[in-house]
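S.K.: The structure follows.
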């Protein structure tokens, strides 16, 4: 699958490497081709390439947004024509959010011409996205949004990365809840200093 990743920090970088390992074609979309975070990603594999944002988007079926949450609306406007494409929102507006929006997914939908926008890859640290395995278990992943097509693709990519079950959190009305779920991870891992090497796993009888 052709995937554009916008935002090449820790989260975007981990997803680029993991999805490249799974056989996907990764295009990094950046504003400055010479100076951008994660430039070392180009050394990982020849299949990871860098392009202007709109060029990366035009050549891809799926767009993963991993930019700072407060500029989600601005980044969405930079994508250009995304009709027919799927956008996966990895951002969390729990401390800062785009002005005028309840969450980052709402900001993307308001500024893009595709309904296929879902929230995913936001509920754990980038280390777990790079390697979801914890001994004999694999961390679970979670997805929310109204797009059935978008959820199916995001779930498939999560499994490609090595995650265990992918849980459907619900529609757009549950996106903010999923962001708060991410805050639970932040609280435990960072604020309470239990360490970033933790992830959620749902157990059931």
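Laboratory data are not the source of any read-out in this text; all were calculated from the coordinates shown. Note that this is a predicted model, so its numbers are computed, not measured. Here the Cβ positions follow ideal geometry from the backbone for every residue, glycine too, while neighbour counts run over all protein chains shown.
S.K.: Which of the residues spanning the stretch 1-57 are within 21 Å of residue 79 (Cβ to Cβ) and in a helix (DSSP H, G or I)?
M.R.: Residues satisfying the conditions are 11, 12, 13, 15, 16, 19, 41, 53, 54, 55, 56, 57.
S.K.: When the residues of the stretch 183-203 are filtered to those that are out of contact with any strand residue (DSSP E or B) (no Cβ under 9 Å at 6 or more places or on another chain) and either in contact (Cβ under 8 Å) with a residue 24 or more places away in the chain or surrounded by 13 or more Cβ atoms within 10 Å (Cβ to Cβ) (or both), which remaining residue is nearest to residue 94 (Cα to Cα)?
M.R.: We begin by selecting, within the stretch 183-203, every residue out of contact with any strand residue (DSSP E or B) (no Cβ under 9 Å at 6 or more places or on another chain); these are 183-196, 203.
Going one step further and asking which of them are either in contact (Cβ under 8 Å) with a residue 24 or more places away in the chain or surrounded by 13 or more Cβ atoms within 10 Å (Cβ to Cβ) (or both), we end up with 183, 185-186, 188-189, 196.
Numbers: 183: 7, 185: 12, 186: 10, 188: 15, 189: 15, 196: 18 Å.
Taking the candidates together, the pick is 183.
S.K.: Filter the stretch 147-164 for residues that are out of contact with any helix residue (DSSP H, G or I) (no Cβ under 7 Å at 6 or more places or on another chain) and under 17 Å from residue 18 (Cα atoms) and give the result.
M.R.: Here is the first cut: in the stretch 147-164, the residues out of contact with any helix residue (DSSP H, G or I) (no Cβ under 7 Å at 6 or more places or on another chain) are 147-156, 158-159, 162-164.
Within the stretch 147-164, 153, 154, 155, 156, 158, 159, 162, 163, 164 meet the criteria.
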